[in-house]
1. If you scan segment 64-74, which residues turn out to be surrounded by fewer than 17 Cβ atoms within 10 Å (Cβ to Cβ) and not small (G, A, S)?
2. Just name the residue that is surrounded by the most Cβ atoms within 10 Å (Cβ to Cβ) out of those in segment 13-44 that are over 23 Å from the mean Cα position of the chain (by Cα) and without any contact (Cβ under 8 Å) to a residue 40 or more places away in the chain.
3. Quick check on my filter: what residues within segment 194-241 are open to solvent by less than 10 Å² (accessible area, probe 1.4 Å), more than 17 Å from the chain's Cα centre (by Cα) and within 15 Å of F178 (Cα to Cα)?
4. Starting from segment 204-222, keep only residues that are among the aliphatic types (A, V, I, L, M), then list their pairs with residues that are modelled with pLDDT of 95 or more whose Cβ atoms are within a distance under 6 Å, requiring at least 6 positions of separation or different chains.
5. Evaluate the following for D131: is it surrounded by fewer than 21 Cβ atoms within 10 Å (Cβ to Cβ), part of a loop (DSSP other than H, G, I, E, B), touching a helix residue (DSSP H, G or I) at 6+ places or on another chain (Cβ under 7 Å) and in contact (Cβ under 8 Å) with a residue 24 or more places away in the chain?
6. Only one of these conditions is not met by Q146: (1) of a type in the set (S, T, N, Q); (2) open to solvent by 20 Å² or more (accessible area, probe 1.4 Å); (3) assigned to a helix (DSSP H, G or I); (4) in contact with a strand residue (DSSP E or B) (Cβ under 9 Å, 6 or more places away or on another chain). Which number is it?
7. So D301 passes all but one of these: (1) buried (at least 19 other Cβ atoms within 10 Å of the Cβ); (2) modelled with pLDDT under 95; (3) of a type in the set (D, E, K, R). Which condition number does it fail?
8. Which of the residues belonging to segment 55-82 are out of contact with any strand residue (DSSP E or B) (no Cβ under 7 Å at 6 or more places or on another chain) and closer than 19 Å to N12 by Cβ?
Amino acid sequence: YGFLPVASLGINYGQVGSNLPAPDKVLDLLSSLEITKAKIYDTNPQILTTFANSNVELIVTVENQMLAVVMDPQQALQWVTTHIKPYFPATKITEISVGNEVFTDDDTSLIGYLVPAMVSIHGALVQLGLDKYIHVSTPNSLAILQESFPPSAGSFKSQVSATMSQYLQFLANTGSPFWINAYPYFAYKDAPNNVSLDYVLFNKNPGMVDPYTKLHYDNMLYAQVDAVVYAMFRLGYSGIEVRVSETGWPSKGDPDETGATPANAAVYNRNLLRRQMRNEGTPLRPSTKLEVYLFALFNEDMKPGPTSERNYGLFQPDGTIAYNVGLSALSTTSSTSSSSSSASIFLTSSADKVKSFCNYSGIIVEICKVTQVIVFKKCVI
């Protein structure tokens, strides 16, 4: 049951469970899978110590409740000195996630803490000479988007746009990626009669063509990623890489959680792994391989919410597989499902431009003032 080494693939190692294996057993499991990238949602010292001198790169997290504290540069320096410096470089910490889904958290005060906390954490890394090795960013829910379909309509919600601009400026200044937690499963669960199961599972399907870019999308995940790219374009940022911090499919759900089955979970993850093995990019950025972190390594029995929340894991806590992903089939063609549907797309246009810039992929992006629709023209780099 090996994943084969894929440079652009990582996995989320959550710990909200009562019976999870010890970190040394987890490291053995990751080694057997040949997975060399993992993300944790804290800075668990036992994990950081255990993963020392391994080949696993780690993303660690400043918990949301700490953001107000690490806004202060001295507190941030203390945090990095305590939580990062003793373990690095023996433990390959590659990034610090400052909070998780802060823009859409129920505690709206966190939004105001986010960028100052990131600036302070990065400043602490600079002071300690670690900024060249460790990036600072934050994962975002796709709920930050006002529009996401078609991808060229991508835009951020107005209530987050001011802080979002500051956040994007920080990423641009530090060369850090924009991370998104993207789950096509949710789109299917919410509208199973309108969303093609094949489209969300990466199965063979007609896909959709964005009427403005004429780019063809054969799966929802790539469309979601490109929608974020276009949303950044609208705020004037074109060179920031988008990566997927979480994506996955639950193997079990409540009666109203349509599609949460072992079969669909296996197909989604297997087809996603195929794409990662090809080092694919999205239609908008085909030459940039999309980095993806699967959610999750284990089923976590202490997570609140619907049944699906406790059943995203590839493995049970005892190390047995939760379902058969069927990785031996990776060399074959994608599985297919019987479900398919199509959607109609209606857009308006305007020649009243407010911004115009080249996105470095051969397209001039013109953002219209009235409709906020993007117009695309070829350009010479």
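1. Once the filter is applied, which keeps residues that are surrounded by fewer than 17 Cβ atoms within 10 Å (Cβ to Cβ) and not small (G, A, S), segment 64-74 yields Q65, V69, D72, P73, Q74.
2. Kept after step one, since they are over 23 Å from the mean Cα position of the chain (by Cα), are these residues of segment 13-44: 18-25, 28, 32.
When the remaining residues are screened for being without any contact (Cβ under 8 Å) to a residue 40 or more places away in the chain, the result is 22-24, 28, 32.
On the way: A22: 11, P23: 18, D24: 13, D28: 13, S32: 12.
In this case the residue turns out to be P23.
3. Selection gives F233 alone.
4. From residues that are among the aliphatic types (A, V, I, L, M), the pairs are M208/Y217; V209/H216; L215/P283; M220/P184; M220/Y199; M220/V200; L221/A182; L221/P184.
5. Here the answer is yes, as D131 does meet what is asked.
6. Going through the list (1) of a type in the set (S, T, N, Q); (2) open to solvent by 20 Å² or more (accessible area, probe 1.4 Å); (3) assigned to a helix (DSSP H, G or I); (4) in contact with a strand residue (DSSP E or B) (Cβ under 9 Å, 6 or more places away or on another chain), Q146 breaks only (3).
7. That leaves (1) as the condition not met.
8. Those that are out of contact with any strand residue (DSSP E or B) (no Cβ under 7 Å at 6 or more places or on another chain) and closer than 19 Å to N12 by Cβ: N55, E63, N64.
The values are calculated or read from the model by the stated rules, or taken from the named source; none is laboratory data. As the structure is a computational prediction, the values presented were derived from the model and not from experiment. Cβ sites come from the backbone with ideal geometry, for glycine too, and all protein chains shown count toward neighbours. Note: areas computed on protein heavy atoms with side chains; ligands, DNA, RNA excluded. Shrake-Rupley method; radii C 1.70, N 1.55, O 1.52, S 1.80 Å.
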